[in-house]
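I have placed the structure first, in the form of structure tokens, so that the comments after it can refer back to it.
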Amino acid sequence: MATLAAKHKTTVEECTSRLLSRAEDSRGLKSPDLEPRIVSAVEKYILRDDENAGHNEISGFIDSLRADDLCLIIACEKGDETAWGDLVLNFDSSVKSAAYKFAKNKEDAEDLASSIWAELHGLKLDAEGRTKGKLSYYSGKGSLAGWLRAVTNQLAIDEFRKMKRIVQTEDDREFENLAQVSSEKAEFRTVVTPTENPEDIFGEQETQKDILASLQETIAGLEDEDRLIIKLYYFDDLKLKDIAQTFGYHEATASRKLVRVQQEIRKGVEKTLRQTHGWNDKEVKKYLTESAEKLGINLEKLFTALLVITLVQEMLSSGVL
Amino acid sequence: MEIEFDKEIDALLRRARTSGESQIVTGSGSHLDADEIAIFAENALPDKAKQRVTKHLADCGRCRTILSNTIILNAEAVEKTALPEIVADEKGVLAAASVPWYRRFFATQNLAYGLGALAIVFVGMLGFLVVQNSLNTGNSEMAKVSESETVASANTSTSLEESQRLGDQSLNSNLNTEATENLNRSEPRVAQNQMDANNIPPNGPQSTDNTAGSLDDRKADDDLRRNRQPQESNEYRDLQKDKLSPRRDQPAGQLMEGKRKGYERAEASDKSASPESRIAKPAPPPAPNATPANTGSGATTYGGTKNKSSAPVEAEKKERESDSIAAADSDENAATERSLGGKTFTRNGRVWYDSQYRGQQTTNIRRGTSSYKRLDSGLRSITDKLPGAVVLVWKTKAYRID
């Protein structure tokens, strides 16, 4: 507790005692066993952002910690085999369910889960001879099951990025490449435009670039929460319900926020196009509408159009048409 | 929930997804740890820490991806445990999970069983109603039939009563006519009646007696018919009464049986009666103004002004007697035991039985006959006071007086 002010020491000791009394199964732990973890959490989540945090805020934070989960993790770190057994027995399903999200079959999922348990247990020993795994990063503020899912995600994404080319199938790669090629060539244009003027094509490309730049600039200028909401909704395909729950409000509130953010983005894009790129109001309205119509083609439609093109080309080559 | 999105901006944002915009990484290269992401996903971070983490997540694709995956897994775990998701809106009002009510209804696993049970109950109710309606229809038809039968029987009984009444009326008219004719026979007959009343045997020659006897027999027949008719009518009325309201002292079946036996005994007595008491075939009534050949103390005369003047009186007297007998019958019907002349009589049906009667053979005599008149006055006074048939023991001999 070197970084923790002396005035908070008493608060931490009192709250730690209270936490132990709240636990249904303290697993034979004492206050000195928990205090380092609690102090670390206080520093990470309270004092890091507010050095002048008071007694009430600290005691409130400690009182909100999950006593049983924290005692279980600390007991596992101390080498309590019974605690390890309970941890695996009760939370193996959470780890495997997270692993299934990244694995294509059951065997891969179980392998991933085993590697995660190994990471959690740790293969390295610290100075005191205790295993040092990722369990030490658990503060007890959130649920242990949620933490295990986040850990599984983190490890799986790292593994997935390494295994990306192995995990991805040939068809998926071709499809992705096709989408990328078509987007590079046509960019914001429809695929079936064989007889356009190159000057027109260049003009359209420049228009679309301006629009995209304005969009990026506008998004960057949003509030952090609004920006996160936009990205969670449009980039990560999260549902408004889940977004609302994450932020702690109702789904209707999330939808209203999203609509408001869209309006802000429109205003920002139009402003940027006028001020930065010299567009007039008529051009702004026209090109935004055209861009939206053109950009509305999703990958499925693109694939369908590609099939039609391929069929037409074959018919032309065979002399049917 | 329909959201009026800006479609143009919506399209632009979706396009921007593939442009690499989402892959911006913070300059320091540091990422959030799993603990911070997990706490943020559960909305458990302190406010200031939340602001910091939000800022990083808004700009870091990797951490945001971990966050989004964690959020999805948490949501799936919650759905598996079937816990309602309770979120608070900006006004602090708690709302239930956003599962629509119709989805919850159709998510019921036992919906099929419930619907099947409802269908079975519905079919059962329909069948019950159909059966009930058919039974009610049959009962109504049976009720109609029974009503028609009742009406028919009522009509029949009514017609029977009417016919009897008519018969009574006609009989009475006949009796009146005959009474008038009898009255026209003048005083000797009256005198004879008086003599009879005083137990003075009729004098006079046999022919007179014969005539008287024949006349007496005719009178006896008339009296018997007159007495019988009211009796019969009374008995019939009593029978009808008993049908409607059985007496308490006797079961209806016994009463009916008694009456039936009474009728049978009456018929049997007619057949087994002594020649004296047997009703002779009545001779045709003489002409109204005819004068008998022999006149005596017992002779009766017909015609005459004198007789004419007393005829209506006699008729009225006889009518009064019959009425009194009928009234007496109706009064006596109520009593079941009577004491007369030191004897105790118990009524069984329409027959009065002497308490001294032990079932010995009886001498059957009809009222009004010569044999009846030859009986002791004391006996006759007793039997005259009892309606209907009387079985009594007189001077160690059993008589049945009808």
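The values are calculated or read from the model by the stated rules, or taken from the named source; none is laboratory data. Keep in mind that what you see is a predicted model, and the values were worked out from it rather than measured. Cβ atoms come from the backbone with ideal geometry, glycine included; neighbour counts cover every protein chain shown.
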Report task. Starting from region B:371-388, take each residue that is over 18 Å from B:T346 (Cβ atoms) and list its partners that are at pLDDT 90 or above, counting only C-beta distances under 6 angstrom and pairs at least six apart or across chains. Result -> B:S371/B:I365; B:Y372/B:I365
Requested in this report: Would you check if there is a residue in region A:66-80 being surrounded by fewer than 19 Cβ atoms within 10 Å (Cβ to Cβ), closer than 15 Å to A:K141 by Cβ and within 11 Å of chain B (Cβ to nearest Cβ)?
Outcome: no
Query raised in the report: Of everything in region B:41-60 that's surrounded by 18 or more Cβ atoms within 10 Å (Cβ to Cβ) and in a loop (DSSP other than H, G, I, E, B), which residue is farthest from the other protein chains (Cβ to nearest Cβ)?
Result: B:C60
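Every residue in region A:212-229 that is at the interface with chain B (Cβ under 7 Å from one of its Cβ atoms) and either among the β-branched types (V, I, T) or within 17 Å of B:A11 (Cα to Cα) (or both), please.
Filtering region A:212-229 for residues at the interface with chain B (Cβ under 7 Å from one of its Cβ atoms) gives A:212, A:215-216, A:224-225, A:227-228.
Correct list: A:L212, A:L215, A:Q216, A:R227.
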Query raised in the report: Does A:R37 fit the bill of being in contact (Cβ under 8 Å) with a residue 40 or more places away in the chain, among the basic types (K, R) and either in a helix (DSSP H, G or I) or within 14 Å of chain B (Cβ to nearest Cβ) (or both)?
Result: yes
Query raised in the report: From the set of residues in region A:253-283 that are within 10 Å of chain B (Cβ to nearest Cβ) and of a type in the set (A, V, I, L, M), which is farthest from the chain's Cα centre (by Cα)?
Result: A:V269
Query raised in the report: touching a residue at least 60 places away in the same chain (Cβ under 8 Å), at the interface with chain B (Cβ under 7 Å from one of its Cβ atoms) and at negative phi: does that describe A:L238?
Result: no
Query raised in the report: Quick one: A:L258 ticks every box in (1) under 16 Å from B:E8 (Cβ atoms); (2) modelled with pLDDT of 70 or more; (3) not in a helix (DSSP H, G or I) bar one, so which box is it?
Result: (3)
